[in-house]
């Protein structure tokens with residue numbers, strides 16, 4: 001029969017496998033007893049009845065079709081990934097709406113758009129001529 005390996009923290013020291021530390025021993029002063037008693041009594045959120053026994057409370061929940069939901073964490077909300085093609089289409093549609101007068105904008109905003117469009121054309125011409 002093979003001997004069961006010793007428990008503990010092992011590691012290599014100067015190329016040799018050696019025991020570094022003994023396992024921690026848990027010492028319990030007294031045995032732990034699970035009790036059915038609820039102290040103080042819990043009130044049922046469904047009907048308002050008070051319970052001093054966990055088993056009776058769970059039985060009451062089951063007979064009334066209730067569930068206990070505990071320890072659940074909501075999933076983190078992740079923002080949706082950007083659809084750059086859709087964004088580009090939307091921007092182009094809005095620019096065309098402004099260009100052809102379909103968008104409700106003020107006269108000052110129209111002038112600013114025209115000025116920016118002229119500046120963009122001039123910028124493209126300058127950079128095209130240089131190359």
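The values are calculated or read from the model by the stated rules, or taken from the named source; none is laboratory data. Keep in mind that this is a model prediction, so the values were computed, not measured. Note that we place each Cβ from the backbone using ideal geometry, even for glycine, and neighbour counts take in every protein chain shown.
Within the stretch 31-41, identify whether any single residue is in contact with a strand residue (DSSP E or B) (Cβ under 6 Å, 6 or more places away or on another chain), at pLDDT 85 or above, surrounded by 10 or more Cβ atoms within 10 Å (Cβ to Cβ) and not in a loop (DSSP other than H, G, I, E, B), and answer yes or no.
Here is the first cut: in the stretch 31-41, the residues in contact with a strand residue (DSSP E or B) (Cβ under 6 Å, 6 or more places away or on another chain) are 36, 38, 41.
If we keep only those that are at pLDDT 85 or above too, we end up with 41.
Filter again for surrounded by 10 or more Cβ atoms within 10 Å (Cβ to Cβ), leaving 41.
Checking the rest, the ones that are also not in a loop (DSSP other than H, G, I, E, B) come to 41.
Yes, some residue in the stretch 31-41 is in contact with a strand residue (DSSP E or B) (Cβ under 6 Å, 6 or more places away or on another chain), at pLDDT 85 or above, surrounded by 10 or more Cβ atoms within 10 Å (Cβ to Cβ) and not in a loop (DSSP other than H, G, I, E, B).
In the condition set (1) more than 24 Å from residue 35 (Cα to Cα); (2) at pLDDT 85 or above, residue 73 is compliant with all but (2). The residues listed here are 68, 105; of these, the one that is in contact with a helix residue (DSSP H, G or I) (Cβ under 8 Å, 6 or more places away or on another chain), within 30 Å of residue 47 (Cβ to Cβ) and either modelled with pLDDT under 90 or surrounded by 10 or more Cβ atoms within 10 Å (Cβ to Cβ) (or both) is 68.
Every test in (1) surrounded by 10 or more Cβ atoms within 10 Å (Cβ to Cβ); (2) at pLDDT below 85; (3) in contact with a helix residue (DSSP H, G or I) (Cβ under 8 Å, 6 or more places away or on another chain) is passed by residue 51 save one, and that test is (2).
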